[in-house]
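Okay, structure first, notes after.
The values are calculated or read from the model by the stated rules, or taken from the named source; none is laboratory data. Everything quoted here is computed from the prediction, not taken from an experiment. No Cβ is skipped: glycine too gets one built from the backbone with ideal geometry, and neighbour counts run over all protein chains shown. For the accessible areas, the whole protein counts, side chains as well, though only heavy atoms, and no ligand, DNA or RNA atoms are used. Shrake-Rupley method; radii C 1.70, N 1.55, O 1.52, S 1.80 Å.
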Amino acid sequence: MSIEAAAPRRLTPAAYFICLKGICWREGLRFLHQRERFISALVRPLVWLFIFAAGFRQVLGVSIIPPYDTYVLYDVYITPGLMAMIQLFNGMQSSLSMVYDREMGNMRVLLLSPFPRSFLLFGKLIAGTLVSVLQVYAYLVIAWFWDIQPPPLGYLTVLPALILVGLMLGALGMLLSSLIKQLENFSGIMNFVIFPMFFASSALYPLWRVQEGSPALYYVCQINPFTHAVELIRFALYGQMNWLAFAVTAGCAFVFMSAAILAYDPSRGLMALRGAPGAGA
């Protein structure tokens, strides 16, 4: 046998595309088959919109702040935060499936494949982001009948922001999945991440109101990446750009993804230290 025949075949761009397509296709089929996941993803923000926002509509007025050029109702204000909340919960649910797949599902096999782990993790991240974007647009369709009607162009300009936010929150969930060895521990980790990130942000109230009530909480909200994710969506929904929010969101997405890739590295990351399945691959 010649040396060329014995050498492993190099992966072609077509092979990478087929692998990415398979990961996205499987994630999409899983989402379609798990109707409860789709319903729960919509029920959660709709409860906040129909009940919480309706109850506080007259109590919590929102003054003229960018990107709004007039006074807005409270339910209009919290819509970008609820959109980000959908992506936050989806990122955590995707990381939950990552824990399951790593132990006994298809990710266990993929981690042993010749594809780089960074590519496999990024493919999983893209698939989860696409699912979260579909959930957000489904929410916007329902919210439209509740008189939550941003400019028509906003439905298009918000798409890049949703993709970037989905990548950041999905990468955070993926990083957390590398720390979790058993599914039973995941719910506790989620509670320590999701609720502080959501409530200590500008999702439910303007930061100037937070500063009036608690300066310390205001600074916590300022350094919370979720705050900048909400503001990026808020401005994009009205055809505007918040460069600070974009920079923070993009930077956090890069840091979280890099940390997740390192954590899943079989020779240096947390998977090796814990002796997780596929660590010797």
Picking from Y137, Y155, which residue would you name as being surrounded by fewer than 21 Cβ atoms within 10 Å (Cβ to Cβ), modelled with pLDDT of 80 or more and under 19 Å from I39 (Cβ atoms)?
Y137
Neighbours by Cβ (under 8 Å, 6+ apart or cross-chain): first from the range 196-223, closer than 19 Å to A247 by Cα and outside any helix (DSSP H, G or I); second of a type in the set (S, T, N, Q) and open to solvent by less than 20 Å² (accessible area, probe 1.4 Å):
S201/N224; S201/T227; S202/T227; A203/T227
Does any residue in the range 46-66 that is at pLDDT below 80 come within less than 7 Å, Cβ to Cβ, of a residue that is β-branched (V, I, T) and open to solvent by 60 Å² or more (accessible area, probe 1.4 Å) six or more places away or on a different chain, and which pairs are these?
I64/T70
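Can we say Y205 is surrounded by fewer than 19 Cβ atoms within 10 Å (Cβ to Cβ), in contact with a Phe, Trp or Tyr (Cβ under 9 Å, 6 or more places away or on another chain) and hydroxyl-bearing (S, T, Y)? Show your work before the answer.
Details: surrounded by fewer than 19 Cβ atoms within 10 Å (Cβ to Cβ): no; in contact with a Phe, Trp or Tyr (Cβ under 9 Å, 6 or more places away or on another chain): yes; hydroxyl-bearing (S, T, Y): yes.
Here the answer is no, as Y205 does not meet what is asked.
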Candidates V76, V43 - the one that is open to solvent by less than 50 Å² (accessible area, probe 1.4 Å), at pLDDT 80 or above and among the hydrophobic types (A, V, I, L, M, F, W, C)
V76
Report, by residue number, each residue of the range 1-17 that is in a helix (DSSP H, G or I), at pLDDT 70 or above and loosely packed, with under 12 Cβ neighbours inside 10 Å.
P13, A14, F17
Tell me whether the range 173-191 contains one or more residues that are at negative phi, at pLDDT below 85, among the small types (G, A, S) and not in a helix (DSSP H, G or I).
yes
Name every residue in the range 199-238 that is more than 23 Å from F256 (Cβ to Cβ) and aromatic (F, W, Y), in order of residue number.
Y205, W208, Y218, Y238
